[in-house]
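The values are calculated or read from the model by the stated rules, or taken from the named source; none is laboratory data. Computed from a predicted model, the values in this text were never measured in an experiment. Here the Cβ positions follow ideal geometry from the backbone for every residue, glycine too, while neighbour counts run over all protein chains shown.
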Amino acid sequence: MLLTITTTHPPATELGYLLYKHPQRCQEFPLSFGTAHVFYPEATEERCTAALLLDIDPVRLVRGKPGATSQGGTLEQYVNDRPYVACSFLSVAISQVFGTAMTGRCQDRPELAQTAIPLLAKLTVLPCRGGEGFLRRLFEPLGYQVTAQHHLLDEEFPQWGQSQYFTVELQHNIRLCDLLSHLYVLIPVLDDEKHYWIGDDEVEKLLRHGEGWLTSHPAREQIISRYLKRQGRLIRNALLQLVEEDNPDPDSTEERHAQEEEAVEQPISLNQQRLDAVVAVLKQNGARRTIDLGCGEGKLLRILVKDSWFEKITGMDVSYRALEIAQERIERANLAPKQRERLQLIQGSLTYKDKRLTGYDCATAIEVIEHLDLPRLAVFERVLFEEAQPRTVIMTTPNIEYNIRFENLPAGKLRHKDHRFEWTRQQFQTWANQVAERFGYKVQFLPVGPEDPEVGSPTQMGVFALVI
Ligand code: SAH
């Protein structure tokens, strides 16, 4: 069983840092069911491939296993496809051999580990119960370009038809940790067998590795059901937790993370400067009807609602809990009913089309995009710029270059634990320019907060204007 991961992100050999495996070494890792070998068939600045070869010992799989002799003593337990296909053994090997890479941490290249880079994973071979269609339904919604080569059951007897085995290539611009998590969860789902006992900790593993993408995956029910071997109680448990994730509730960790972010940024009262900058741009653009996407606890809304210049103000967030807090704080401001009427709060996700987002002069997304999973960003772009299509869009996001200037932020860390990424100025501008071009907008960039000659300002703002 062979998994290769290739990148062309220069210098490509830095893949070795991300995987914590030196490109010039061949390494062996003993596992309970065989040996994992890691080596690099190619390692140049332009292109680097890491290979994980699993050498499974079919005899060891059977010996000493309780009940081995009672399985009817057939040869099937020794002679089967397990040593040769990508299955749950591969998931175990990935988590044991590339465990740190899976968490998205990398001591030597922390920024690279959080960057989407061109990656190509090749699996030789993958059993796909459910066929190529199911394979595509699993990986394409996550943004992968899928190539699948179907293998005959026996090349000497083509009349026997196709097997369930495919050589699969998955290509995507993605963080390595996300690719590994997707493989970890989806390989056993395609294979639809598990070599070990499924217990409660499997639910926890599934949710941990599915964090950030499983909730919104269109095939999530099937993924969960197959991953948990169709055990009703566990499936219900997992679905329940996912639904809670969908409406992130009191999520006290999220609140704590937000406070931590504020503490990091507080010495320069960045939050206030950011809000002042947004209000100024809203007024310059005559945006009296404004929707704040990912409004959180309503910091911007509270300013807008007190200013009678604004005619209609809507706050939208996926988190019910955040909206409750926003509402409480707005009620506490004791506004006159006429003023209060101008504001409404709605719950929704920015990664789904939503008619309620249309009809505004301006949409703001203040410190929101970095909370979206990179694979979902393309959907958000369409939801906002193609469907809602306000005249003006104001977006802010951290400038990761500035992080080294925060005294209380450990090097290599992002400002908030829920940030899926933080971008350099170049990365944000490249993304924003390309989005503007695609959807018929012009974009301007403004620094927010004190500007450092070397690393720029702590917050970067993009102001998009629809070209009419
Ligand atoms: N704009 C606010 C909050 C920023 S924190 C402020 O400046 O204070 C990011 C917010 O985005 C959180 O409230 C989070 O719940 C929300 N969010 C994350 N993913 C979302 C999604 N898919 N749809 C809508 N809101 C989302």
Check Val168 against each of (1) surrounded by fewer than 21 Cβ atoms within 10 Å (Cβ to Cβ); (2) over 15 Å from the mean Cα position of the chain (by Cα) and name the one condition it does not meet.
(1)
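Looking only at region 402-436, filter to residues that are part of a loop (DSSP other than H, G, I, E, B) and of a type in the set (A, V, I, L, M, F, W, C); which one of those is surrounded by the fewest Cβ atoms within 10 Å (Cβ to Cβ)? Steps first, answer last, please.
Let us first name the residues in region 402-436 that are part of a loop (DSSP other than H, G, I, E, B), namely 406-422, 424.
Now narrow it down to the ones that are of a type in the set (A, V, I, L, M, F, W, C): 406, 409, 411, 414, 421.
Working: Phe406: 19, Leu409: 18, Ala411: 9, Leu414: 21, Phe421: 22.
Here the answer is Ala411.
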Pull out all pairs, ordered by first then second residue, where Cβ-Cβ is under 8 Å, the residues are six or more apart or on different chains, the first lies in region 87-102 and is modelled with pLDDT under 95, and the second is of a type in the set (S, T, N, Q).
Met102/Ser95; Met102/Ser181
State which residue is farthest from the ligand (Cβ to nearest atom) when the search covers only region 371-393 and only residues that are under 23 Å from the mean Cα position of the chain (by Cα) and not in a helix (DSSP H, G or I).
Asp373
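Within region 329-336, is even one residue near the ligand (Cβ under 9 Å from one of its atoms) and surrounded by fewer than 20 Cβ atoms within 10 Å (Cβ to Cβ)?
Step one: list which residues in region 329-336 are near the ligand (Cβ under 9 Å from one of its atoms), which gives none.
No: zero hits.
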If you go through region 211-228 one residue at a time, how many are more than 16 Å from the ligand (Cβ to nearest atom) and either within 15 Å of the chain's Cα centre (by Cα) or in a loop (DSSP other than H, G, I, E, B) (or both)?
2
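Let's see how each residue does on (1) away from the ligand (no atom under 12 Å from the Cβ); (2) at pLDDT 90 or above; (3) part of a loop (DSSP other than H, G, I, E, B); (4) surrounded by 14 or more Cβ atoms within 10 Å (Cβ to Cβ):
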site	(1), (2), (3), (4)
Cys295	no, yes, yes, yes
Leu301	no, yes, no, yes
Ala322	no, no, no, yes
Gln339	yes, yes, no, yes
Lys353	yes, no, yes, no
Ala365	no, yes, no, yes
Could you list, ordered by first residue, the pairs with Cβ atoms under 8 Å in which the first is in region 325-347 and without any contact (Cβ under 8 Å) to a residue 40 or more places away in the chain and the second is exposed (fewer than 14 other Cβ atoms within 10 Å of the Cβ) and assigned to a loop (DSSP other than H, G, I, E, B), at least 6 apart or interchain?
Gln339/Ser308; Arg342/Glu311
For region 439-448, does any single residue satisfy the condition of being over 30 Å from Glu211 (Cβ atoms) and buried (at least 21 other Cβ atoms within 10 Å of the Cβ)?
yes
Of all residues in region 303-320, how many are assigned to a strand (DSSP E or B) and either near the ligand (Cβ under 10 Å from one of its atoms) or among the aliphatic types (A, V, I, L, M) (or both)?
4
Checking the conditions here, which among Thr424, Thr397 is within 11 Å of the ligand (Cβ to nearest atom) and among the polar types (S, T, N, Q)?
Thr397
Got a sec? Which of Val203, Val185 is in contact (Cβ under 8 Å) with a residue 24 or more places away in the chain, closer than 16 Å to Ser88 by Cα and in contact with a Gly (Cβ under 8 Å, 6 or more places away or on another chain)?
Val185
Candidates Asp178, Asp108 - the one that is assigned to a helix (DSSP H, G or I) and either under 20 Å from Gly16 (Cβ atoms) or touching a residue at least 40 places away in the same chain (Cβ under 8 Å) (or both):
Asp178
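Looking at region 9-61, what strands (runs of 3 or more DSSP E) fall wholly within it and have at least 3 residues that are exposed (fewer than 14 other Cβ atoms within 10 Å of the Cβ)?
Ranges flagged: 27-31.
Looking only at region 378-387, filter to residues that are within 12 Å of Phe464 (Cβ to Cβ) and either in contact (Cβ under 8 Å) with a residue 60 or more places away in the chain or not assigned by TED's automatic domain parsing to the domain that holds Ala363 (or both); which one of those is surrounded by the fewest Cβ atoms within 10 Å (Cβ to Cβ)? Break it down stepwise before answering.
Taking region 378-387 first, the residues within 12 Å of Phe464 (Cβ to Cβ) are 381, 384-385.
Still in the list and also either in contact (Cβ under 8 Å) with a residue 60 or more places away in the chain or not assigned by TED's automatic domain parsing to the domain that holds Ala363 (or both): 384-385.
Working: Leu384: 24, Phe385: 20.
Taking the candidates together, the pick is Phe385.
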Matching residues in region 437-461 - criterion: being in a strand (DSSP E or B) and of a type in the set (A, V, I, L, M)
Val443, Leu446, Val448, Met461
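Can we say Val125 is touching a Lys or Arg at 6+ places or on another chain (Cβ under 9 Å) and surrounded by 15 or more Cβ atoms within 10 Å (Cβ to Cβ)? Before the answer, list the steps.
On the way: touching a Lys or Arg at 6+ places or on another chain (Cβ under 9 Å): no; surrounded by 15 or more Cβ atoms within 10 Å (Cβ to Cβ): yes.
The answer is no for Val125.
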